[in-house]
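The values are calculated or read from the model by the stated rules, or taken from the named source; none is laboratory data. Predicted model, so just to flag it, every value in this text is computed and none were measured. We place every Cβ from the backbone using ideal geometry, glycine too, and count neighbours over all the protein chains shown.
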Amino acid sequence: MFALSNFKFQQIPGQAKPNKTDTTKNTKVLKKSSLDSKLEYYAKDSINTDMEKEISYLYGGARVVYEGFELDADFIRFDSKNKIIFASGVKSEKGKYVGRPIFKMGEEGAAIADSLIYNTQTKEGIVYSVYKEQEGGYFSGGKTKMQPDHEFHVAGTTYSTCNLPEPHYGIHITKGIATENHILTGPVYMEFEGIPMPLGLPFAFFPKPNKKASGFILPTPGEDATRGFSLTNGGYYFAFNDYMDARIMGNIFTNGSYDLNLTSNYTKRYKYNGNLNFAYSSTRNGLEGTPQYKPQKNFNVTWSHSQNPNARPGTTFSASVNAGTSSYYSVTAANGTYDANAMLRNTMSSSISYGKVFGDGLFNFTSALRHSQETQSKTISLTLPDVNLNMATISPFDSKKSVGEKKWYQKLTVGYGFQASNTVSTKEDLLFTQDGLKRFKNGFQHTIPISLPFNLFQYLNFNSSVNYTERWYMQTIEKKYIRNVPSDIVVTDTLDGFKRAGEYNLSMGMTTKLYGRKDFKNLGGIKAIRHVMTPSISFTYKPDFASIKNTVYRDQQYYINDLRPGKLVPTNEYVRDANGNILKYSTFEQGIYGGPSQGKQASIGFSLDNNVELKVRSSKDTTGNGERKIQILQGLSLSSSYNFVQPQKKLAPINFGGRSQFTDKLGINFGGTFSPYLVEQVAYTTGTGANQVTTYSYQEVDKYTWTEGKFPRLVSLNLSFDYSLNPEAIKSHQKNVDNLRNDVSNNRTAEQAEQLAAISRDPNAFVDFNIPWNINFSYNFNYNNPLSMAASRSITNTVNFSGDFNLTSKWKVQFRSGYDFKANNLSQTSFAIYRDLHCWDLSANWVPFGIYQSYSIDIRVKASILQDLKLSKRKGYYTTY
């Protein structure tokens, strides 16, 4: 309810400032001899005064200022004898009522009225047909009587969030009393287009706090075809202070299902802000007595925290947590939001990190707690914690006072890195069992890189380096092999105790650039073509740490099986490869950082990167001399390596990749792998005597394809591109997201935070009626065939498309779908229709088929202050059990 005090009014443009002083002849001041306080009044047109009756008449742009009361109108009458002010508008030559009174009290905003009467002595008054804004709502019409005790009696007033002079809808208050802290009314009812509706209450009580206050949130009744009748989104709001709040919400269904949700937001300006959400659900589907009726209990925790970079320079702390049961999003339909991206999510991850830079920027320390889940396999990985300490590279032989060209030894750089981690990877249901903590693995790793760059012949850039890595573990493994048919049994024991091992490698690399250009004079709009090649070659050497005595490598030895635990008896037999060599295993192979690598390496690596671009005449340049560049190939790379000391398959697979931006709208990414080896049928024999078994299988052999006149085999290929028929839509979407993120207010509600996240994930989540149409589609192709045979071939081929278009300036249709050519089926498909109803909006969402088949129709008030004023109809996917 409106009032002339204790309310925050919206300042109306044109309202004169309180300290405005007019020096024209039409400005007059009544001193304290006639009033308790000084009164100023002014008129642009004229002022007439009846000295006998002590009444002044102000015409045209009249203004009165008395204490904290300010009044502007085209006509004001002031009776100084009775201390009564009357103000109204006037009729223009065209018969239009103009110059309505605009008034304000103290520090509050202004309001408009048809006319008003105000007694400066008793502080009483009557206002007719007031119109003013208050916290997103508008009061209009009716009659208001001001009382000296700051109470306001109203009659015939309409409250609405529609800002039109004649609102589309409103809550009509027949009579009521407004005080500083609450509003008490008589009968109230709804109006649509000025027509009373049979929707009302005999009386109403509205709290009117001047700050956030705790209170109950009324639930919404509903019905679900599977879970029965329901009360949803009911709960309690806690307003702890200006920096923190919380809300407990719940849903309950007659079949025994229920949901609980706790949301809390916190902020400290210029320091940090964040939000926390905990959700728990117990869901029953199907009929009582069926297996589906058994409750499915799920939970989910999300936490987001960010620190202002200027709060503590050199120190950072952030959190992004999303953890819970794997089936939470699918069973609860993303907590009832039906967000397709969330429902189809197959991973969840979390990270809580802290970082600090110290030692004048020389050292950088970071630590993090991490978590990841695979919702399909229901596996979970935890890292508690992961610690990194890195030292920036230094030049120990370089002097800070040195000038001119550096000596070769002054370019030598040394660095240091330290890592420590404690991780576990297991099934969800095993994590919190009695032996769950014993599954954690931990380790430490030190790295020391030493590098020396130098140039030869001005164009050849060389870099030589030595890298040393050492790993520490508190646990190692021991393997025992037992003969068995068809495959050997391996018994692995975990041994406690500190072990360490180091390894090193030497490398040197060279790179340069080659440029080629061809100009054209008579080739249409093409003026030139430019080709840039970046060849690189490197040599790496690493000894075979498995052949060094007293290392972490052990022979794979056979044991005689004994049913008694710990009583396996070793033999003098060992596991050997096809050439009769004894195989080895690493006692560090289950360590989180691995161990020294097996096998000697003396390899040469080579790569070639290509960029090709055209220079063409610009059609947008009116002078005829303008040019623009078109990237034909960007980063077309070929790479491989050759290990001179490797016994077999010395040449590594040949990798290629690149991208091409044909137009501003179309870009293609591609990549793949060629194998230089032939595939043949190979016989493999196991066992001896009567237990001897020979099997045949196709596999790569150590023979190059070109020995038989063939090209290397294509074993993998990936191709992807996306295209937008209206790129301006993406720019508009990004601009809208940036505006939301750059909002100075950090006091976002949980709904606003989730909407912002949805907009970031999905451009179609933002309904922009300024873009008439937009179509996006993407294509992904993946081919894998390691043996170049039909049996080993795997192809995935999918296309996804989405978009929207405006039927009219108020109607928008959105769609999202795709097609999986391998499954020969449509992917998740959804349609949405939006209708802008000015102060209301209508939305309809439909998933026509699939496991999330559902629909919903909502019509609601736009303004958040009346967010519960809505009508919803939905059919959840639960009905498809």
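Mind counting the residues in the range 830-854 that are touching a helix residue (DSSP H, G or I) at 6+ places or on another chain (Cβ under 9 Å) and of a type in the set (Val, Ile, Thr)?
2
Go through the range 481-522 residue by residue and tally those that are in a strand (DSSP E or B), within 30 Å of THR694 (Cα to Cα) and touching a residue at least 12 places away in the same chain (Cβ under 8 Å).
Total meeting the criteria: 5.
Checking ASN273 against (1) modelled with pLDDT of 90 or more; (2) on the phi > 0 side of the Ramachandran plot: exactly one of these is not met. Which one?
Single failed check for ASN273: (2).
Just checking, how many residues over the range 419-430 are in contact with a Gly (Cβ under 8 Å, 6 or more places away or on another chain) and either under 19 Å from SER320 (Cα atoms) or not in a strand (DSSP E or B) (or both)?
Residues flagged as in contact with a Gly (Cβ under 8 Å, 6 or more places away or on another chain) and either under 19 Å from SER320 (Cα atoms) or not in a strand (DSSP E or B) (or both) within the range 419-430 amount to 1.
Between a residue in the range 456-480 that is of a type in the set (S, T, N, Q) and outside any strand (DSSP E or B) and any residue that is at pLDDT below 95 and surrounded by fewer than 17 Cβ atoms within 10 Å (Cβ to Cβ), which pairs come within a Cβ distance under 6 Å, given they are 6 or more apart or on different chains?
Cβ pairs passing all conditions: none.
Need the failing condition index for ARG816 against (1) over 24 Å from the mean Cα position of the chain (by Cα); (2) crowded, with 16+ Cβ neighbours inside 10 Å; (3) closer than 28 Å to ASN718 by Cβ; (4) not aromatic (Phe, Trp, Tyr), just the number.
Every condition holds for ARG816 apart from (1).
I'd like the residue in the range 391-418 that is in contact with a Ser or Thr (Cβ under 8 Å, 6 or more places away or on another chain), among the polar types (S, T, N, Q) and not in a helix (DSSP H, G or I) and, out of all such residues, is nearest to LYS297 (Cα to Cα).
THR393
What's the number of the condition GLN661 fails, among (1) modelled with pLDDT of 85 or more; (2) under 30 Å from LEU638 (Cα atoms)?
(1)
Conditions tested, residue by residue: (1) aliphatic (A, V, I, L, M); (2) assigned to a strand (DSSP E or B); (3) over 25 Å from TYR138 (Cα atoms); (4) at pLDDT below 90.
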{"position": "PRO13", "(1), (2), (3), (4)": "no, no, no, yes"}
{"position": "ASP22", "(1), (2), (3), (4)": "no, no, yes, yes"}
{"position": "LYS32", "(1), (2), (3), (4)": "no, no, yes, yes"}
{"position": "LEU35", "(1), (2), (3), (4)": "yes, no, yes, yes"}
{"position": "LEU58", "(1), (2), (3), (4)": "yes, yes, yes, no"}
{"position": "ALA87", "(1), (2), (3), (4)": "yes, yes, no, no"}
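Inspect all residues belonging to the range 488-504 and state whether any of them is touching a helix residue (DSSP H, G or I) at 6+ places or on another chain (Cβ under 6 Å) and either aromatic (Phe, Trp, Tyr) or farther than 30 Å from LEU633 by Cβ (or both).
Yes, some residue in the range 488-504 is touching a helix residue (DSSP H, G or I) at 6+ places or on another chain (Cβ under 6 Å) and either aromatic (Phe, Trp, Tyr) or farther than 30 Å from LEU633 by Cβ (or both).
Give the residue, chosen from PHE216, PHE192, PHE238, that is closer than 26 Å to LYS268 by Cβ and either of a type in the set (Gly, Ala, Ser) or modelled with pLDDT of 85 or more (or both).
The unique qualifying residue is PHE238.
Starting from the range 817-839, keep only residues that are more than 24 Å from ILE857 (Cα to Cα) and modelled with pLDDT of 85 or more, then list their pairs with residues that are of a type in the set (Ser, Thr, Tyr) and loosely packed, with under 15 Cβ neighbours inside 10 Å whose Cβ atoms are within a distance under 9 Å, requiring at least 6 positions of separation or different chains.
Correct list of pairs: ASP820/THR796; PHE821/THR796.
Could you look through the range 253-291, keep only residues that are without any contact (Cβ under 8 Å) to a residue 40 or more places away in the chain and of a type in the set (Gly, Ala, Ser), and pick out the one that is nearest to GLY215 (Cα to Cα)?
In this case the residue turns out to be SER264.
Taking into account only those residues within the range 384-442 that are more than 30 Å from the chain's Cα centre (by Cα) and of a type in the set (Lys, Arg), which is nearest to ASN463 (Cα to Cα)?
LYS411
Can you tell me which condition SER547 does not meet? The list is (1) of a type in the set (Gly, Ala, Ser); (2) closer than 30 Å to PHE444 by Cα; (3) modelled with pLDDT of 85 or more, and all the others hold.
Going through the list (1) of a type in the set (Gly, Ala, Ser); (2) closer than 30 Å to PHE444 by Cα; (3) modelled with pLDDT of 85 or more, SER547 breaks only (3).
Considering only residues of the range 92-123 that are in contact with a strand residue (DSSP E or B) (Cβ under 6 Å, 6 or more places away or on another chain) and farther than 22 Å from THR158 by Cα, which is surrounded by the most Cβ atoms within 10 Å (Cβ to Cβ)?
TYR118
Failed condition for THR375, given (1) out of contact with any strand residue (DSSP E or B) (no Cβ under 6 Å at 6 or more places or on another chain); (2) free of Cβ contacts under 8 Å to residues at least 40 places away in the same chain, with all others met?
(2)
Take the conditions in contact (Cβ under 8 Å) with a residue 12 or more places away in the chain, of a type outside the set (Phe, Trp, Tyr) and farther than 18 Å from VAL301 by Cβ and apply them to GLY250. Does it pass?
no
Hey, could you check the range 695-722 for residues that are in contact with a Gly (Cβ under 7 Å, 6 or more places away or on another chain) and among the hydrophobic types (A, V, I, L, M, F, W, C) and say which is modelled with the lowest pLDDT?
PHE721
So which pairs qualify, if the first residue must be in the range 600-622 and over 25 Å from LEU514 (Cα atoms) and modelled with pLDDT under 90, the second must be loosely packed, with under 15 Cβ neighbours inside 10 Å and of a type in the set (Asp, Glu), the Cβ gap must be under 8 Å, and the two must be at least 6 apart or on different chains?
Listed by first residue and then by second, the contacts come to ARG617/GLU627; SER618/GLU627; ASP621/GLU627.
Can you name every residue in the range 145-182 that is without any contact (Cβ under 8 Å) to a residue 40 or more places away in the chain, touching a Lys or Arg at 6+ places or on another chain (Cβ under 8 Å) and not in a loop (DSSP other than H, G, I, E, B)?
HIS153, ALA155, GLY156, HIS182 - these are the residues of the range 145-182 that are without any contact (Cβ under 8 Å) to a residue 40 or more places away in the chain, touching a Lys or Arg at 6+ places or on another chain (Cβ under 8 Å) and not in a loop (DSSP other than H, G, I, E, B).
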